[in-house]
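Here is the structure we will look at.
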Amino acid sequence: MADLKAKLELPGNDAIELPVKQGTEGFDVIDISKLGSKGYFTFDPGFLATASCESAITYIDGDQGILLHRGYPIEQLAVESSYLELCYALLYGELPTKTQFDEFMSTVKAHTMVHEQLAFFFRGFRRDAHPMAMLCGVTGALSAFYQDSLDVNDARHREIAAYRLVSKMPTLAAMCYKYSIGQPFVYPRNDLSYAGNFLSMMFAVPCEEYKVNPIIERAMDRIFILHADHEQNASTSTVRLAGSSGANPFACIAAGIASLWGPAHGGANEACLRMLEEIGTVDRIPEFIERAKDKNDSFRLMGFGHRVYKNFDPRAKVMRETCHEVLSELKVNDPLLDVAMELERIALNDEYFISKKLYPNVDFYSGIIMKAIGIPTSMFTVIFALARTVGWISHWKEMLDQPGHKISRPRQLYTGEKSRDFVSIDKR
Ligand code: CMC
C-alpha cells in the first residue's frame, strides 16, 4: 500500500503530517493517535467520522447499500447459507468445510442447556418484567455460573465463552418468554436445528407434542442471519468498550444487550410494530407522516432511516421478500401489513424522506414477520439480541486476539467551570 500522509495545519504550529491508512474496502482513515502530543484532540460526538478500531469481520457501504460478512454479500448468505454457518464464518473468518461445520454444530449443541440454578434466578423477576430486562440480567449472571471460562487472556477460555454464548442465548431468550407468560421452561432439543430448537423452547408445552413448521423455521433462521452482525454499531462498540478493560465476556454481552435495547437501535422493531398498531388504518398514515416531518414534534417514523445506509438497507430488501413469503405461505391476512406497505409507498415517494435518504430499515419488516409467527412484540428485541450475540462475541474475540490492544478511553472537550475554591455550605 502507498505511504499516504495527510497534512494538518494547527494554529501556532507548523503543519504536521498524519499517516493515512487504507483498508481493503471503504474510506481511508487518518491516523490521529499521535495528535494528543501536539496538544490537540479531535472532536466527533456520535462518531460520525471516527473509525474506533481495525476489523476484518463486516463491511458496510451505506451509499451503495452493501453489507458483507467476511466478504460474502448478505443477500447470498440469507438465501444460500444458514445462521450457524454464518456464525462459524464470523467467529473464524472463513466458511466451514463439511467436517468443520459438523464439529461446530455438535459443539454448539453440547452447550445448549443452562445451569439448572438459573431457573431459580429467574424467579427473582416479576412476571411482568420486560423480557429485555430479564435477558440483560441473566446474561450478566452467566459469569457467576461459568467461572471456568472467564480468563480473557486465555484464547481457549475466550473460545469456550463464545460457544457458550451462541449456544445458550436461544435457551435464555425462550426462558424470558416462558417466565413472562407463566409456562414451564422447555429444555433444548438437540435433534432440532438452531432455529427449530428455539421455536420449540418458545412454543412447546410439556403436555403436547410440538412439530416445527419448516416455513417458520426457515424464516426464523433468516431473521437470525440478517441480524447476526452489523460492524461497529452502538451495541457492538459497547461490547468492545466494555471488553477493552478486560471485563469477562458474559458481562460484556450484557452491556451490549443494554445498549441494543434503546429505540434508536434494536428497540426499533418493537417500537415500529407499536407505531403500526397506533396508526391502525391506512387513512391515518398522512397524519403520522406530517408528524414525522414536523420539527416541533419528537415523533419519528420507526423502522425508517439509518446512520450508515443512505440507500435501501440490503437486509430490509431480503426481509421484505421473506415477509411476503411468510405471510402468504402461512395465509396470514394482517391489516398491519396493509398499513406497513402503504407507509412504505408514501415515505419512498415523499420529498422529505427522499431528500434525507430515509429508507425502510431491517426493523421495519422483521416485526411484521415475527408477529405473523406468533412472537409477542416485547420479544422482538430479545430475538435481535440472540442473533447479534455472535457478532458481538466475534468483535470481542477479534479485539482481544489482536496483540497490544489498549483500554478504550475517549477524550473530551471540557466546557464546565474553571478551577475554583470550595465554599462551605453556610456561605453558599
Ligand atoms: N423519521 C423522521 N425523520 C427522521 C427519521 C425518521 N425515522 N430518521 C431521521 N430523520 C431526520 C432527522 O429528523 C434529521 O432531520 P434534520 O436533518 O432536519 O435535523 C435527519 O433525518 C437526520 O437524522 P439523524 O437523527 O441526524 O440521523 P442519525 O444517523 O443520527 O440517526 C437513526 C439514525 C436510525 C437513529 C434515525 O434515522 C432514527 O431515529 N430512525 C428511527 C429508529 C429506527 O428505525 N432505528 C433502527 C435503526 S436500524 C437497526 C439497527 O441497526 O439498530
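Where a number appears in this text, it was derived from the coordinates with a stated rule and is not lab data. Just so you know, these numbers come straight off a predicted model, no measurement behind them. When we count neighbours, we look across all protein chains shown, and the Cβ atoms used for this are built from the backbone with ideal geometry, even at glycine.
Tabulated data
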read-out: Subset of region 360-382 [near the ligand (Cβ under 10 Å from one of its atoms) and either of a type in the set (A, V, I, L, M) or in contact with a Leu (Cβ under 7 Å, 6 or more places away or on another chain) (or both)]; value: V362, T381
read-out: Hits in region 54-74 (condition: away from the ligand (no atom under 15 Å from the Cβ), part of a loop (DSSP other than H, G, I, E, B) and surrounded by fewer than 16 Cβ atoms within 10 Å (Cβ to Cβ)); value: E54, A56, Q64, G71
read-out: Candidates Y187, Y194 - the one that is of a type outside the set (A, V, I, L, M, F, W, C), touching a residue at least 60 places away in the same chain (Cβ under 8 Å) and surrounded by fewer than 18 Cβ atoms within 10 Å (Cβ to Cβ); value: Y187
read-out: Matching residues in region 134-152 - criterion: being part of a loop (DSSP other than H, G, I, E, B) and either buried (at least 22 other Cβ atoms within 10 Å of the Cβ) or touching a residue at least 24 places away in the same chain (Cβ under 8 Å) (or both); value: Y146, L150, V152
read-out: Region 332-357 residues that are under 13 Å from I285 (Cβ atoms) and in contact (Cβ under 8 Å) with a residue 24 or more places away in the chain, paired with ones that are among the small types (G, A, S) and assigned to a helix (DSSP H, G or I) (beta carbon under 8 Å, 6 or more apart); value: F353/A347
read-out: Residues (of a type in the set (A, V, I, L, M) and either closer than 16 Å to P170 by Cβ or in contact with a Pro (Cβ under 9 Å, 6 or more places away or on another chain) (or both)) located in region 115-146; value: L118, A119, M132, M134, L135, V138, L142
read-out: Unique match (being away from the ligand (no atom under 13 Å from the Cβ) and either crowded, with 18+ Cβ neighbours inside 10 Å or touching a residue at least 40 places away in the same chain (Cβ under 8 Å) (or both)) among G246, G266; value: G246
read-out: Top-ranked residue in region 230-243 [being assigned to a loop (DSSP other than H, G, I, E, B) and at negative phi; ranked as surrounded by the fewest Cβ atoms within 10 Å (Cβ to Cβ)]; value: Q232
read-out: Test: residue in region 34-42 that is among the basic types (K, R) and more than 18 Å from T236 (Cβ to Cβ); value: yes
read-out: Positions within region 320-351 being small (G, A, S) and within 16 Å of the ligand (Cβ to nearest atom), in sequence order; value: A340, A347
read-out: The one condition in (1) within 19 Å of the chain's Cα centre (by Cα); (2) among the β-branched types (V, I, T); (3) over 25 Å from M201 (Cβ atoms) that V339 fails to fulfil; value: (1)
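This table checks each residue for (1) within 13 Å of the ligand (Cβ to nearest atom); (2) within 17 Å of E342 (Cα to Cα).
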residue: L273; (1), (2): yes, yes
residue: E277; (1), (2): no, yes
residue: E287; (1), (2): no, yes
residue: V318; (1), (2): no, no
